[in-house]
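So the structure is just underneath, and the comments pick up after that.
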Amino acid sequence: MSRSIFSFALLVLCLTSAARLTTAQVVTPNPKPTNCENHIAVLEAANHDAGKDGLIILIGRLGRGDNKPDLNRHRLQSARAYLTDYLSARSTNTIVIAEGEKVEGYGRIEIYVGGKLYYVFAIKANADLAVGSCEPADLDDARQRELRKKLYPWLYPKQPRKARKPATKR
Amino acid sequence: MSAVRPSPEDSSVDLHGSGGGALTSGSWKMDETVADSAQSTTSESIVTTTPGETTSDPQNPGQTRQPPTDPQCDARIAAIFGGQGAVAATVDEPPGVNAGAARYRYDHLAGQGVFHIYTDANGSDKVTGLFIPPGGRLVSGGEYNNHGDTENYFRFSYTSRPYKGVQISLLHVGGTHGGEVDGQYLGNFHREKNAMGSVRIGNIAGPGGEGEGYNHTHVKVYFNGRLTDPRKVFCK
């Protein structure tokens with residue numbers, strides 16, 4: 001029941017978002033993994049084509065070789081955070097993320113803009129979605145280090161605060 | 001897998017990976033110079049910005065306005081860093097590159113102290129030389145893991161005019177060898193120079209910069225340790 005309500009809501013969201021698609025992306029039926037530079041170029045294009053208040057829908061699907069826990073959620077979170085936190089290009093309420101059924105072959109993230117399939121990222125088995133500066137962490141400055149944590153927060157677990165030692169008398 | 005940084009104890013750099021293995025035997029003292037002399041192609045001083053100061057501060061891209069692209073400067077950067085047919089971008093990517101994607105990329109390019117240089121106006125899969133101004137010394141580099149993808153970078157430092165204080169990190173460098181994806185060590189191009197007198201270090205587009213219609217190298221520019229809009233360094 002709840003699944004059908006969710007599907008209906010998703011369909012409504014797709015249909016009611018304005019058809020602002022201005023740049024058609026080529027959607028191949030069996031996409032191959034690309035790289036970070038392509039991921040961010042496509043996400044920025046989707047952001048542009050959706051318009052500031054338009055809706056972007058991201059559907060994550062695990063692939064045959066994906067078996068890490070939370071992988072789908074992590075990939076979706078990184079894609080959304082790239083637009084909302086890294087670029088500060090749009091608000092979180094203009095991006096809907098959802099997990100779909102598992103697929104054969106590579107895991108994927110489907111991007112919908114204006115209610116239409118816009119692009120499909122294929123992702124190597126058990127890999128996170130590479131986004132951000134596309135540079136090695138060695139080259140990060142302080143700002144990049146903080147942004148990297150927003151893209152991949154599970155890689156940077158918060159350290160528990162150390163309990164203060166009670167002052168000792170000398 | 002991760003990039004190898006030369007240790008301070010090492011005493012020599014093998015720029016091309018022969019012998020003891022490129023950067024694993026590198027030098028913290030930067031004792032391998034890519035070119036013999038720092039011949040001046042530009043002579044002006046380099047102006048950097050402080051956070052929040054101007055419209056093009058790479059340290060604070062969130063505070064920027066949209067700056068216009070500068071085709072003349074892009075052409076100059078392409079001439080300095082590229083071989084025949086290379087095209088560069090600091091704000092807008094060329095219309096023939098990565099068809100269908102957004103042209104305006106300031107936040108990924110000049111806004112982060114970066115420019116892209118493509119094999120040609122269409123980012124074709126072809127061999128186009130990648131050059132750097134003479135006088136650069138290899139500081140660090142090699143392959144690194146970008147969330148499951150093996151990519152590469154090489155960082156050079158300048159200590160003499162006209163680029164004194166400048167560092168450049170070139171990512172996705174082709175014409176390399178060794179490592180997991182042949183990206184660990186720079187190739188040997190026998191100090192080949194382009195029309196601007198720059199020295200060849202490889203090919204445009206290597207690991208992480210390959211893609212249909214999007215073959216490019218990503219170049220990050222620092223001045224005195226700060227990310228700097230490449231136009232302020234190479235077009236003043």
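The values are calculated or read from the model by the stated rules, or taken from the named source; none is laboratory data. All figures in this text were calculated on a predicted structure; none of them were measured in a lab. Here the Cβ is made from the backbone with ideal geometry for all residues, glycine too, and neighbour counts use every protein chain on show.
Some observations on this one:
- Note on the range A:141-166: residues that are part of a loop (DSSP other than H, G, I, E, B) and in contact (Cβ under 8 Å) with a residue 24 or more places away in the chain total 1.
- When residue A:128 is tested against (1) under 20 Å from residue A:51 (Cα atoms); (2) touching a His at 6+ places or on another chain (Cβ under 9 Å), only condition (1) is not met.
- Restricting the range B:115-157 to residues that are polar (S, T, N, Q) and touching a strand residue (DSSP E or B) at 6+ places or on another chain (Cβ under 6 Å), the residue that is nearest to the other protein chains (Cβ to nearest Cβ): B:140
- Taken together, B:89, B:121, B:99 contain a single residue that is small (Gly, Ala, Ser) and more than 25 Å from residue B:196 (Cα to Cα), which is B:99.
- The number of residues in the range B:147-180 being within 18 Å of residue A:130 (Cβ to Cβ), more than 18 Å from the chain's Cα centre (by Cα) and touching a residue at least 60 places away in the same chain (Cβ under 8 Å) comes to 1.
- Subset of the range B:198-231 (residues that are touching a helix residue (DSSP H, G or I) at 6+ places or on another chain (Cβ under 9 Å) and either β-branched (Val, Ile, Thr) or more than 14 Å from chain A (Cβ to nearest Cβ) (or both)): B:198, B:204, B:217, B:219, B:221, B:229, B:230, B:231
Table: residues versus (1) among the aliphatic types (A, V, I, L, M); (2) within 14 Å of another protein chain (Cβ to nearest Cβ); (3) in contact with a strand residue (DSSP E or B) (Cβ under 9 Å, 6 or more places away or on another chain).
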{"site": "A:84", "(1), (2), (3)": "no, yes, yes"}
{"site": "A:101", "(1), (2), (3)": "no, no, yes"}
{"site": "A:105", "(1), (2), (3)": "no, no, yes"}
{"site": "A:111", "(1), (2), (3)": "yes, yes, yes"}
{"site": "A:123", "(1), (2), (3)": "yes, yes, yes"}
{"site": "A:127", "(1), (2), (3)": "yes, yes, yes"}
{"site": "A:136", "(1), (2), (3)": "no, yes, yes"}
{"site": "A:154", "(1), (2), (3)": "no, yes, no"}
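- Residue identified as modelled with pLDDT of 95 or more, surrounded by 22 or more Cβ atoms within 10 Å (Cβ to Cβ) and in a loop (DSSP other than H, G, I, E, B) among B:142, B:179, B:85, B:135: B:135
- Neighbours by Cβ (under 6 Å, 6+ apart or cross-chain): first from the range B:219-233, under 15 Å from residue B:155 (Cβ atoms) and modelled with pLDDT of 95 or more; second of a type in the set (Gly, Ala, Ser) and in a strand (DSSP E or B): B:220/B:169
- Any hit, the range B:129-139, residues being more than 16 Å from the chain's Cα centre (by Cα) and farther than 25 Å from residue A:129 by Cβ: no
- Residues that are buried (at least 19 other Cβ atoms within 10 Å of the Cβ) and either touching an Asp or Glu at 6+ places or on another chain (Cβ under 7 Å) or basic (Lys, Arg) (or both), drawn from the range A:125-146: A:130, A:134
- Applying a threshold of 9 Å to beta carbon distances and a minimum spacing of six or more residues, or different chains, the list of pairs starting in the range B:183-202 at a residue that is among the aromatic types (Phe, Trp, Tyr) and ending at one that is surrounded by 16 or more Cβ atoms within 10 Å (Cβ to Cβ) and at pLDDT below 95 reads B:185/B:14; B:185/B:15; B:185/B:16; B:185/B:17; B:185/B:21; B:185/B:22; B:185/B:23; B:189/B:16.
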